[in-house]
Amino acid sequence: MQISPEKSLLGLRSFNRDRLDFILSHARSLKQLYADNTHARSLQGKTVLNLFFEPSTRTRVSFETAIKRLGGSSVAISMETSSLKKGETLFDTVKNLDAMGFDAIVVRHRNAGVPHFIDHILDVPVINAGDGFNEHPSQGLLDIFTMQEQRGSVENRNVLILGDILHSRVARSNIWALLQLGAKVFVAGPPTLIPANIADMGVTVVHSIDDVISQMDFINVLRIQYERQDLGYFPTIREYRDQFGLTQERLKDAKPELCILHPGPINRGIEIDSAVADGPNNVILNQVTNGVIVRMAILDLLLAPK
Amino acid sequence: MITETIAIINGRLIDPVRGTEEVTNLLINSNGVITGMGYLPDDDEETTTVIDVKGRFIIPNITDSHCSLREPGHEDKETFLSASDAAVTGGITALIATPDTHPTVDTPEMVSFIHARRRAAGIVPIYPMGALSKGINGLELAELRLMHDAGAVGFTDGNSLEHTGLMRHALQYSSDLDRPIIVTADDPLLSQNGVMNEGYYSTILGLRGIHAESEELRIARDIELVERFGGVLHFFPVSTAQSVELVRRAKARGLAITCGTSPHYLYFDESAIDGYPTNFKVLPPFRSASDRQALIDGIKDGTIDAIASHHQPHTIDGKRTDFVDADPGISGIDTLVCTTLTKLVRDEGLSMVDVSRLLSSNPLAIFRIKRPGIALMKRPSFTVIDMKTDFTLESSQFKSKGLNSPFIGRQFTGKSLMTVIEGRIRFIDPSLKPTTGTLVVSKDPTT
């Protein structure tokens with residue numbers, strides 16, 4: 001079954017339901033194999049470049065782990081860049097690294113569209129590990145994998161994505177895939193952090209989370225960055241926490257089976273209280289565990305000998 | 001023998017000033033002077049080369065009124081010579097240059113330098129604009145009056161001045177010069193580091209948006225300043241429906257305000273950014289589909305006075321990167337005429353006379369430039385244009401050094417077949433064969 005005709009994984013926007021089902025079910029079978037201590041070795045002899053132009057611990061280590069578990073090897077580079085510093089062009093950097101002969105490139109960059117550019121200029125598969133505010137497809141897949149693991153399906157479930165939607169690639173990858181799979185998606189946050197015309201994607205915008213929290217099956221809490229406060233998106237962290245922080249108090253009417261997700265790293269006491277982050281409804285560490293599995297599935301589908 | 005008197009016969013001559021079109025013949029003597037109009041030369045006039053342009057249009061004085069020519073400072077991107085080649089091949093007979101060079105054109109000496117360089121290197125007349133502030137720093141006014149005396153035809157910093165008080169002074173101070181201040185309106189505190197229009201597409205592409213208000217609020221401010229303190233303003237390019245409406249109302253109030261736009265805003269909207277194509281990155285950005293339609297409506301009702309290329313040539317490196325870091329701008333001299341005619345005449349049904357005004361008499365009037373028309377005893381500048389044949393635009397056809405164009409690979413009509421500047425043929429398409437005699441195409445700028 002040739003379900004993934006594209007050479008790269010750039011985003012979930014282009015994924016239809018069949019492709020999502022295929023990759024998620026592949027991840028489930030890999031998880032079972034792994035639990036049975038059977039190791040797929042489909043990346044044997046292959047070397048993957050982890051090219052991170054933006055800091056990352058979790059995603060980078062998760063990809064490296066996935067590559068190793070599939071028998072491949074990886075090289076990781078962190079190159080934090082500033083548009084003010086004009087050095088080697090992105091084109092030259094990427095072409096030079098590619099000339100060393102990698103089998104795939106995992107890339108993270110602060111600019112939306114960088115993985116698309118790299119995919120355009122190289123023949124090897126490119127995996128988007130987060131580009132600006134655009135997409136973080138492996139995170140979107142692992143979030144949904146975790147949701148399905150907890151509740152069987154996301155179809156007709158209510159999912160609230162909470163926080164800085166404007167600057168969140170996690171939100172966009174979640175929205176594209178959740179809508180394809182039949183979930184009802186709500187987004188909430190300060191009006192300044194809700195991007196223009198987002199309702200046209202098919203989501204419902206809510207500004208008061210207390211009105212909807214009792215109906216939710218899943219809440220995906222986004223990290224709030226302090227710099228947004230400095231740029232005037234909201235006045236203070238105190239006010240943010242009061243209006244949008246996920247506190248124990250706020251969850252008093254929530255469904256008992258509510259699952260709370262967070263892509264990490266968590267700002268405890270800001271977007272989510274420790275009592276909630278560590279509480280019975282959280283699946284945050286399940287996400288991290290599943291992240292490796294889902295990334296194994298992605299790499300296996302893109303790189304395994306056909 | 002080589003003849004130097006040419007007869008261009010059966011052309012559909014457009015007069016944008018009088019608003020007329022008539023089929024006629026032009027006889028141009030060896031000095032480039034029109035010595036006959038309307039009659040056919042006798043067969044026995046062996047010294048006359050006859051070019052039959054039956055069915056083709058003749059438009060005088062097509063002028064690209066907003067070009068960044070990069071010389072001096074970025075000759076890797078463009079020179080007067082390469083821009084001049086692009087102009088004559090594309091059917092343009094004069095260029096108005098922005099002062100955003102290195103160094104900037106912000107003194108009378110620099111204005112004189114541009115004139116001298118163009119005389120030495122270029123074959124197309126180049127009219128320089130001077131900077132509004134010294135070094136385009138927005139802090140101190142440049143020597144507007146001295147630059148005017150040296151031959152600057154307008155003043156611009158690109159954007160209008162951030163400092164409202166200084167913008168007031170710029171308008172007041174230049175009000176009696178009767179030369180426009182040209183404003184590419186943007187409030188940087190609103191547009192922040194945006195790279196495309198703010199809307200559904202910026203949301204789904206994860207790119208920082210530039211809201212239409214960042215252009216409109218600045219236009220509204222500057223219109224109010226003109227109303228209170230005088231001055232002459234030309235907004236270029238306008239990209240939103242509300243910008244057009246603001247200018248429409250300002251004109252109704254009788255203010256000395258005009259505006260222009262570029263062909264690419266008539267073709268593309270924000271959806272073009274899907275896929276992150278860097279040749280579509282331009283500032284102001286492509287707006288919504290309804291904004292695009294409002295620009296066309298603004299052209300039809302006369303609110304938009306001029307179409308210019310907003311020529312911003314880049315080297316390959318400026319665009320061969322990701323969308324966010326790519327340089328904004330489009331190389332447009334080569335394509336100004338064909339893209340404008342294709343969109344407005346073929347697709348939108350405007351008359352050749354009306355569209356000629358946008359490319360010729362209106363920009364000349366906005367910049368108070370006097371060029372001879374097509375009349376007896378004048379040295380005319382004009383373009384012969386074919387509206388019957390379609391062609392596919394290839395990058396190999398570009399004479400500009402900048403190949404950063406979203407139009408490459410698309411089909412157009414309105415190809416320029418011959419460009420005559422001040423009575424000299426500067427370009428002639430091989431398909432336009434003279435019936436008798438041999439043509440001399442002048443390449444030497446001194447002739």
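Below is a table of values for the structure above.
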read-out	value
Sole exception among (1) over 23 Å from residue A:29 (Cβ atoms); (2) within 14 Å of another protein chain (Cβ to nearest Cβ); (3) not β-branched (Val, Ile, Thr) for residue A:137, by number	(1)
Flag if residue B:75 is in contact with a Gly (Cβ under 8 Å, 6 or more places away or on another chain) and of a type in the set (D, E, K, R)	no
Residue B:403 of a type outside the set (Phe, Trp, Tyr), within 27 Å of residue B:285 (Cβ to Cβ) and at pLDDT 95 or above	yes
Residue A:157 vs. criteria more than 14 Å from chain B (Cβ to nearest Cβ), touching a strand residue (DSSP E or B) at 6+ places or on another chain (Cβ under 7 Å) and basic (Lys, Arg)	yes
Set A:139, A:180, A:148: member being surrounded by fewer than 23 Cβ atoms within 10 Å (Cβ to Cβ), in contact (Cβ under 8 Å) with a residue 60 or more places away in the chain and under 20 Å from residue A:284 (Cα atoms)	A:148
Pick from the stretch B:23-50, criterion surrounded by 18 or more Cβ atoms within 10 Å (Cβ to Cβ) and within 32 Å of the chain's Cα centre (by Cα), ranking: modelled with the lowest pLDDT	B:49
Residue satisfying condition, being more than 15 Å from the chain's Cα centre (by Cα), within 14 Å of chain A (Cβ to nearest Cβ), open to solvent by less than 10 Å² (accessible area, probe 1.4 Å) and among the acidic types (Asp, Glu), within set B:322, B:317	B:322
Within the stretch B:51-80, considering residues that are outside any loop (DSSP other than H, G, I, E, B) and among the polar types (S, T, N, Q), the one surrounded by the fewest Cβ atoms within 10 Å (Cβ to Cβ)	B:63
Sole exception among (1) of a type outside the set (Asp, Glu); (2) open to solvent by less than 50 Å² (accessible area, probe 1.4 Å); (3) touching a helix residue (DSSP H, G or I) at 6+ places or on another chain (Cβ under 6 Å) for residue A:17, by number	(2)
Helices (runs of 4 or more DSSP H) within the stretch A:206-306 that include 2 or more residues within 30 Å of residue A:104 (Cα to Cα) and open to solvent by 10 Å² or more (accessible area, probe 1.4 Å)	A:284-303
So residue A:31, is it open to solvent by 10 Å² or more (accessible area, probe 1.4 Å), part of a helix (DSSP H, G or I), without any contact (Cβ under 8 Å) to a residue 12 or more places away in the chain and among the basic types (Lys, Arg)	no
Filter result for residue A:194 (closer than 18 Å to residue A:133 by Cα, out of contact with any helix residue (DSSP H, G or I) (no Cβ under 9 Å at 6 or more places or on another chain) and within 13 Å of chain B (Cβ to nearest Cβ))	yes
Hits in the stretch A:258-306 (condition: under 24 Å from residue A:48 (Cβ atoms) and charged (D, E, K, R))	A:295, A:300, A:306
Candidates B:301, B:297, B:269 - the one that is within 14 Å of another protein chain (Cβ to nearest Cβ) and not hydrophobic (A, V, I, L, M, F, W, C)	B:269
Members of the stretch A:86-128 that are open to solvent by less than 10 Å² (accessible area, probe 1.4 Å), more than 8 Å from chain B (Cβ to nearest Cβ) and closer than 15 Å to residue B:322 by Cβ	A:94, A:105, A:107, A:115, A:118, A:122, A:126, A:128
Of all residues making up the stretch B:194-244, the number that are within 27 Å of the chain's Cα centre (by Cα), surrounded by fewer than 22 Cβ atoms within 10 Å (Cβ to Cβ) and within 11 Å of chain A (Cβ to nearest Cβ)	1
Scope the stretch B:278-311; condition open to solvent by 40 Å² or more (accessible area, probe 1.4 Å) and in contact with a Ser or Thr (Cβ under 7 Å, 6 or more places away or on another chain); matching residues	B:279
Number of the exception - residue B:111 against (1) within 19 Å of residue B:153 (Cα to Cα); (2) not in a helix (DSSP H, G or I)	(2)
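Residues checked against (1) over 24 Å from residue B:255 (Cα atoms); (2) touching a strand residue (DSSP E or B) at 6+ places or on another chain (Cβ under 9 Å):
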| position | (1), (2) |
| --- | --- |
| B:297 | no, no |
| B:305 | no, yes |
| B:308 | no, yes |
| B:315 | yes, no |
| B:330 | yes, yes |
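Listed here are the residues, each with its yes/no results for (1) at pLDDT below 95; (2) not aromatic (Phe, Trp, Tyr).
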| site | (1), (2) |
| --- | --- |
| A:60 | no, yes |
| A:79 | yes, yes |
| A:88 | yes, yes |
| A:105 | no, yes |
| A:126 | no, yes |
| A:141 | no, yes |
| A:145 | no, no |
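Per-residue answers, yes or no, for (1) within 23 Å of the chain's Cα centre (by Cα); (2) touching a residue at least 40 places away in the same chain (Cβ under 8 Å):
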position: A:43; (1), (2): yes, yes
position: A:46; (1), (2): no, yes
position: A:58; (1), (2): yes, yes
position: A:92; (1), (2): no, no
position: A:102; (1), (2): no, yes
position: A:107; (1), (2): yes, yes
position: A:110; (1), (2): yes, yes
position: A:117; (1), (2): yes, no
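The values are calculated or read from the model by the stated rules, or taken from the named source; none is laboratory data. These numbers come from a predicted model, not from an experiment. In this analysis, Cβ positions are derived from the backbone assuming ideal geometry, glycine residues included, and neighbour counts consider all displayed protein chains. Remember, those area values only see protein heavy atoms, side chains included, never the ligands or the DNA or RNA. Shrake-Rupley method; radii C 1.70, N 1.55, O 1.52, S 1.80 Å.
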